[in-house]
1. Given Cβ point charges of +1 (Lys, Arg) and -1 (Asp, Glu) and nothing else, what value in debye, to the nearest 20, does the dipole of segment 39-292 about its Cα centre take?
2. How many nm separate the modelled label positions at Q364 and E77, each set 7 Å beyond the Cα in the direction of the Cβ?
3. Pairs of alpha-carbon atoms within less than 8 angstrom and 6+ residues apart define the contacts here; what relative contact order does segment 44-171 have, in percent?
4. State the percent of C-alpha pairs, over all pairs in the chain, separated by a distance greater than 41 angstrom.
5. Helix 278-294 sits at what angle to the longest principal axis of the chain, using alpha carbons and giving 0 to 90 degrees rounded to 10?
6. Using alpha carbons only, how many degrees (0 to 90, rounded to 10) separate the axis of helix 126-135 from the longest principal axis of the chain?
7. Helix 36-48 sits at what angle to the longest principal axis of the chain, using alpha carbons and giving 0 to 90 degrees rounded to 10?
8. For segment 253-299, what is the accessible area per residue in Å², given a 1.4 Å probe and the full set of protein chains?
Amino acid sequence: MINVNKIREDFPILNREVNGKPLIYFDNAATSQTPKQVIDVIVDYYSNYNANIHRGVHTLSQEATDLYEAARLKIQEHFNAKHSYEIILTSGTTHGINLIANGFSSLLQRGDEVLVSALEHHSNIVPWQMLCERTGASLKVIPMNENGELIMSAYDSLLSEKTKLVFVNHISNALGTINPIEEMIKKAHQVGAAVLIDGAQSCPHIKPDVQELDVDFYVTSAHKMCGPTGVGMLFGKEEWLNKLPPYQGGGEMIDQVTFEKTTYAGLPHKFEAGTPNICGGIAFGAAIDYMNTIGFDNIASYEHELLSYATMQLLNIDGLKIYGTAKDKTSVISFNIEGIHPYDIGTILDKMGIAVRTGHHCAQPIMDFFKIPGTVRASFAFYNTKEEIDALVKGVETAKMMLS
Ligand code: C6P
């Protein structure tokens, strides 16, 4: 059970006003808010431990290293990776995807195929297009239906022995669709293809088990799950990470360097060139602790309640259309009102202190599918309330009246 009033006390930002009104934060899919338990860890790090890691014999450096590596273990445990060295700390989802796409440059050739879903964020499209340009492999798209669900019979037809890689998000950022990734991974493995799951939108809502999923790569960003920006993780199966070349060269990722030849460090350091976001990594661990204290089952059931309530209330507004009506959906509502540009609705809501995202949500192919320029997206977290949803509904009604 969620005690939302108590939880809200953990988030200092929820006390502020925007445009003279109490902030109502419904842009959680873009970035989540940060609880004081995580803010405290950041302050504590810079007040007491700040040093570079893996390099110094001095106490501060060793303490910072221990905290950073303890966070990696926490992340390993959370995602149930078999080994801590299968967890690569990145700057976020985008970094993780680019790292893998770059690694596959030497493993693909003309005639190979890679499959992307129609529901992807640009981060999970563009790096693969760049990979295809480098290698001559072809990018094929798994289509979706009007509800924003992937068409699994089309996926079956696209899979063949030519398929080398499948990349799909666990949850769509623009529509909230939860994709059937278990089934997709199984089917991809049957033809020998590797699978990368973009978990940027799933990790705030569910706790993925990478061993149970048998997924090859899973990427996410800490800032979507109560952590800071600029840090994330890439899980990769040991055998894949050993097969792939390093992404960036520099300090930390080497074993021996001479002007003739460099040999590389083992996992995970081979993929972690340069000074990482040390404080960010430690705070990522604290964010995972915080979310586990609330409990992912509690989070999922409360957010589902918010989603059902908001869907029902918003659909009472004449002319309002929701995009993304999948059976399996998380707490994201993308909508438009007939004849009104989403940006105008977002601007009026902001005047009322209500933060939503408007536009294409870095998912232009989805907008093209629906033949719209964008949507208004309200995305809910476990610290939102039904009263806030009532205010949103009222705000949308007012915006509609002003703009019609
Ligand atoms: N989506 C949104 O408002 P980064 O920027 O690397 O932390 O995450 C990129 C990313 C990748 N995949 C999905 C499914 C995402 O939702 C995002 C980030 C935000 O929807 C900001 S564009």
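1. Roughly 500 debye, rounded to the nearest 20.
2. Label-label distance for Q364 and E77, simple model: 4.4 nm.
3. 20
4. 17
5. 50
6. Tilt relative to the chain: about 40 degrees.
7. 40
8. Roughly 46 Å² per residue, with all protein chains present.
The values are calculated or read from the model by the stated rules, or taken from the named source; none is laboratory data. Since we're looking at a predicted model, the values are computed, not measured. Counting neighbours? That spans all protein chains shown, and the Cβs are built from the backbone with ideal geometry, glycine included. The area values use the complete protein model at the heavy-atom level, side chains included, leaving out ligands, DNA and RNA. Shrake-Rupley method; radii C 1.70, N 1.55, O 1.52, S 1.80 Å.
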